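The values are calculated or read from the model by the stated rules, or taken from the named source; none is laboratory data. In this text, all values refer to a predicted model and were calculated from it rather than measured experimentally. No Cβ is skipped: glycine too gets one built from the backbone with ideal geometry, and neighbour counts run over all protein chains shown. With ligands, DNA and RNA removed, areas are computed over all heavy atoms of the protein, side chains included. Shrake-Rupley method; radii C 1.70, N 1.55, O 1.52, S 1.80 Å.
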Protein chains: 2
Amino acid sequence: MKIRYSQITITPGNPAKNFETCIAAARRAKAAGVNLLLLPEMSIPGYMIGDKWEENDFIDDCEYFSNELAKEADENFSLIFGTVAFLESITGKPRNGFDGRKAKVNTACIATKDGVQYPFKTLLPNYREFEEPRHFFNNLTASITPGEENEDRPMFNLYEICGTKFGVTICEDGWDDDYNVKPFRILKEVGAEMIVNISYSPFTAGKNQSRIRHFANHAKTLGKPVIYVNGLGLQNNGKTIFCFDGSSAAWNGQGELIAHSGMFTEEDVDFQYVDGSLTGIDAPQLVQTSEIDDIHNTLIYGIRNYMAQSGLRRVVIGASGGVDSTLAAALYTEAIGKENVLLVNMPSRFNSQTTIGIAEKLAHNLGCWYTSVPIQESAQLTHRQIDGLRPKNAVGEEIEINLSSFNMENVQARDRGSRVLAAIASAWGAVFTNNGNKTETTVGYATLYGDVAGFLAAIGDLWKHTVYDLCRHINFKAGKELVPVEVLTLKPSAELSDNQAVDKGLGDPLVYPYHDRLFEAWQQWWNHASLADILQHYLDGDLANYLNHGVETELTEDLIRSHYPDAKSFIADLERWYKLFKGMGIAKRIQAPPILAVTRRAYGFDYRESAIQPYFTRRYLEMKAKVLI
Amino acid sequence: MKIRYSQITITPGNPAKNFETCIAAARRAKAAGVNLLLLPEMSIPGYMIGDKWEENDFIDDCEYFSNELAKEADENFSLIFGTVAFLESITGKPRNGFDGRKAKVNTACIATKDGVQYPFKTLLPNYREFEEPRHFFNNLTASITPGEENEDRPMFNLYEICGTKFGVTICEDGWDDDYNVKPFRILKEVGAEMIVNISYSPFTAGKNQSRIRHFANHAKTLGKPVIYVNGLGLQNNGKTIFCFDGSSAAWNGQGELIAHSGMFTEEDVDFQYVDGSLTGIDAPQLVQTSEIDDIHNTLIYGIRNYMAQSGLRRVVIGASGGVDSTLAAALYTEAIGKENVLLVNMPSRFNSQTTIGIAEKLAHNLGCWYTSVPIQESAQLTHRQIDGLRPKNAVGEEIEINLSSFNMENVQARDRGSRVLAAIASAWGAVFTNNGNKTETTVGYATLYGDVAGFLAAIGDLWKHTVYDLCRHINFKAGKELVPVEVLTLKPSAELSDNQAVDKGLGDPLVYPYHDRLFEAWQQWWNHASLADILQHYLDGDLANYLNHGVETELTEDLIRSHYPDAKSFIADLERWYKLFKGMGIAKRIQAPPILAVTRRAYGFDYRESAIQPYFTRRYLEMKAKVLI
């Protein structure tokens, strides 16, 4: 028996296009004498489509194309692919979901010469960006109705193909640690001879390694082969964009990895299955990569595909000479070509020759378009028009409007984003980019409609230290200086006032080696570190160790003590940023562009937030009261 | 037995503050000789707090304050209130949710002299803005583990207070039509003598009437009294803001409404319960209100409380003299006072004396501050700086940037929002408003960082026809002309070019009486109307009737035919707006401010969207191909 998985690209919300992709894969497989073809979860509808699942006409189309694809099965060819279906279409019985709409399932379609079967998904993820129970019928909940157990629990069934009994699982079904139902264990008990897991799972830094270990363990426990097929593509939930990286793989009955596909590559991978033993036929093998390289590849894939999907070709980038816009320029140039990238430096009287020089050198190194549009005159016009303005009311009373120097900082930032970049972008048939990193996004250290603006926050899920790492990695990989090396040692600064003069060593109020890790502990750790946790570790003198979280970083206890020698200064800084994280940071994120997700927790749909007042717990307040006496 | 419900205000994410509110209610009740006090669902934690439920320190505080509140119970006084708890704290057994975190429940706390019990929520809503299964332990799913049925299904239990057997349900438990578990039926079967439903449910136009019918039916079926207590407050999920309106009520065993609290009023309402019969003690009775008045009250409550909660006092409003900004000005003036509202008219050479005159009259009528800041000079500066710009690359090649008149329309819009209004607002210690309505929000008929900007979209959930209705209602209610009547007959126009000259009758490309209803059918109907549905009804000649959806509106078949005499023109218009709805509209909504929700489906968290390409179904394409031959 010859088995193949095809690591295909899936387009969200376009069953007609996905059908073409799938049918092409099926015909390639048949031509190659394959007996069983495996395709990813949700191959027909795509996955992240918001509430489009509520549109019955759309589901009808998905069912139509699934049926058409299933017709490819014949005497010598079977296929298993993921799709969506109305539960009624499978069982013949009308049934609504808990929202009162027709119940739908995230299902595998097993098409053989004998007909079609639909083992649907048992474990529906409902955390991070996932919200499957919102849309799909829940196998487990359903079981409360007596007498329907077998029908509603297709996970107990085995499916015979070419004389072999297959267990068919879908994505989360293979990750059952936290569920009280264990599909792999059940399938072992009923005698599965092989288990396939069809998935559609996005890239997250570090996930691939854990997946390899996890499924190896499944195969070993089962004592039978396991094949995992994942799709490619770019999908989004509005605020957050995910890159589906593939990395499909297979393990033999000893739990040994016998095939591993690359990231973001379309691949057909074949296996021979004889006498219970699965072996690859020229199957690709795992190539060890670094995390920073994975992130680099993901961002390039994400930028390229988000633009293509949105029908966009060109970008305008505000190049300040700082590290964030420099990284953005290097990434976009790689992703869409230097001829499609225009860097615009927008000096005011606060910008140094140092940063202007870096921006020029950057454009030279990358070979992209470059221009300068000073904002001094426009900022002065705004000052002249608004400072001293005296609005009146109906009875002739007046108030006076005065622009402070802080107000003028924001005027400059908005002038750059919403006036200059937006106008140039629209005139050039382009969009302009958001170059914010995750550290400043966390605390809203940016101006709304200024540097918060842009069509995409390509590096919005990178902490500041990763921004530097990636700059170095890009130069290393290119074997030449794409990112001007000066930017790597420059003190980060907004250059919006005399207090931020970069040549005098003045700059951002953030101590990145510390605040990067602090914010990560708040936002990105699975069990979020609380203020009380942080303060306790500071008092215990092991905060650096705690925040480093098992990784070696620049952060040391000495560094923390040098900035915050006593509890009072430490607490003042802690609360300053916490209030911004939970306050103004949220207000800005609500109106911020979509973020390309790479970490375990990206802002947006992956990390849901309400604009409410920051809350300080009793434990924290008591601890603070004690140390501040 | 004297029973009271207290319709209290709940603050999201602030258990310390909510505890103060609850304890005050408990002490008032005890002083009044009440034997049983009922408080709303989630009285301690609040409800919409994003993923803050993942913060264990926060849950710990909620448990602490719940326990403290429960201590108020004594020989003569019991209380039932809603809160959150770790499942382990209730059962004594460690248990994780399906996300691997400690399992939490949305629970009632019943505190009597004999101790505390926690009947937790059975039906967890997972549609619209609700996503309870993301955070709370699911009663139904849990039951799959054999032998745990009783523990995991507290809905089967009755709770004896003062000799009466109570069934205790939480919000969705009372709305079981679409679930296969029916809490009210179960509680009837086990012999409940009264059922209380503690809720925390936001305002939606029309919901109150359906709630009254629904619970009357429950009481009648049960043959026993039912008390429904709902809370007040403002809560948000980032992109969407909800007003919790109270409207608590009670029904006797005949299903008759015996008490009904007002919207947005804090109330203690008392009942005497004797011999199985429940009667109100000076209980408030239902006051019939119009839907437009409910919407008006909700918007005022929403604006006032969103600003208070965010620590904001003043607003700046770009007053164009059009109907949307006029309505916004009237609403903000009512909500926060004329001394806190500044109207800014920002004419360019395209603005008419007509609209400028309306803006001036509006400020006069409302008594708020007014000023004018022309944008002509700034727009010219931008044109001069950018038009003809010639960026170069490293090898000396050039491109040329040219601003079209369409580009200049957007330059003007952004100049108003991001330059003038933002600067004035920051200088005055204010924020500036977004005045977009739902119709233009649907298709993105507005400029990003221009009129899409603002801190809050107060009328972003009102269709254009509701904007007019509300303007008339405001004048009617005030008994004088607050909204200048001229604006009600003015042709809507953006006034950004000579093609939009309002005095020549030129203006928006939207035919509001038709497009309002079309967009509502797409976005707001429970079963979304598809393109194929719409086209079919057009071809059948009953589209107006279909879109009116049982309501009498301005839309007639003649009106549709007068604009779209044949299928070709109809389809061209249909697809034009559909592509914007599913395309640029989404891109703009991702970066738009939060919307105050009043309808059955507000944009944002209530209606989740992905930025993907519009999809045309086979059914639609076939129908279209047939009629366009």
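Computed values, structure above
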| quantity | calculated |
| --- | --- |
| Cα-based reach from A:K165 at 16 Å (exclusive), listing lysines while leaving out same-chain residues under 8 positions away | A:K2, A:K113, A:K188, A:K224 |
| Accessible surface, 1.4 Å probe, highest first, among residues A:R304, B:R618 | A:R304, B:R618 |
| Local electrostatic count at A:G46 - Lys and Arg +1, Asp and Glu -1, tallied over other residues with Cβ under 11 Å | +1 |
| By accessible area with a 1.4 Å probe, ligands and nucleic acids excluded, highest first: order of B:H549, A:H383, A:H528 | B:H549, A:H383, A:H528 |
| For segment B:389-457 versus segment A:234-268, the gap between their alpha-carbon centres in whole angstrom | 40 Å |
| Within straight-line cross-link reach of B:K392, lysines at Cα separation under 28 Å, skipping those fewer than 8 residues along the same chain | A:K338, A:K361, A:K477, A:K480 |
| For segment A:559-611, the fraction of alpha-carbon pairs in successive 5 Å shells from zero, as % | 5, 17, 20, 17, 13, 13, 13, 4 |
| Global geometry of segment B:399-444, whether rounded, prolate or oblate, following the gyration tensor of its Cα atoms and the 1.5 cut on a/c | oblate |
| Percent accessible area from carbon and sulfur atoms, the protein assembly as shown, protein chains only, probe 1.4 Å | 50 percent |
| Theoretical ellipticity at 222 nm over the protein assembly as shown - DSSP helices of four or more residues, -39500 (n - 2.57) apiece, nearest 500 | -11000 deg cm²/dmol |
| Nearest-10 value in Å² for the accessible area of A:E68, using the 1.4 Å probe | 50 Å² |
| Anisotropy class of segment A:415-523 from Cα gyration tensor, a/c 1.5 cut | rounded |
| Percent breakdown of C-alpha pair distances by 5 Å bin, ordered from the shortest bin, for segment A:15-130 | 2, 11, 21, 24, 18, 12, 7, 3, 1, 0 |
| Within 10 Å of each Cβ in A:307-317, the average number of Cβ atoms from other chains | 1 |
| Eligible aspartates and glutamates near A:K104 by straight Cα distance, threshold 12 Å, same-chain separation 8 or greater | A:E54, A:E55, A:D60, A:E63, A:E88, A:E132 |
| Measure of compaction for the protein assembly as shown (Cα Rg per 2.2 N^0.38 Å) | 0.93 |
| Prolate/oblate/rounded call for segment A:472-616, Cα gyration tensor, a/c under 1.5 rounded | rounded |
| Segment A:415-422 - phi-based ³J(HN,Hα) in whole Hz, Karplus 6.51/-1.76/1.60, Gly and Pro as x | 4, 5, x, 7, 9, 6, 4, 4 |
| Distant-in-sequence amide H partners of A:F203 (H built 1.01 Å from N, under 5 Å) | A:C243, A:F244, A:D245 |
| 26 Å Cα-Cα threshold exceeded, pairs from A:K71/A:K93; A:K588/B:K207; A:K207/A:K239 | A:K588/B:K207 |
| Per-residue mean of C-beta atoms belonging to partner chains within 10 Å, peptide B:414-421 | 6 |
| Solvent-accessible area of B:E486 with every protein chain in place, 1.4 Å probe, in Å² to the nearest 10 | 80 Å² |
| Hull-based mean projected area of chain B, where the convex hull spans the alpha carbons, in square nanometres | 34.2 nm² |
| Shielding score for A:399-410, defined as the mean number of other chain Cβ atoms within 10 Å | 4 |
| P(r), alpha carbons of segment B:38-101 - 10 Å bins starting at zero, rounded % | 19, 48, 27, 5, 0 |
| Cβ-based net charge around A:A32, under 10 Å, with every Lys or Arg adding one and every Asp or Glu removing one | +3 |
| B:L621 - accessible surface, heavy atoms, 1.4 Å probe, Å² rounded to 10 | 80 Å² |
| Buried solvent-accessible surface, both chains (A, B), 1.4 Å probe, Å² to nearest 100 | 10000 Å² |
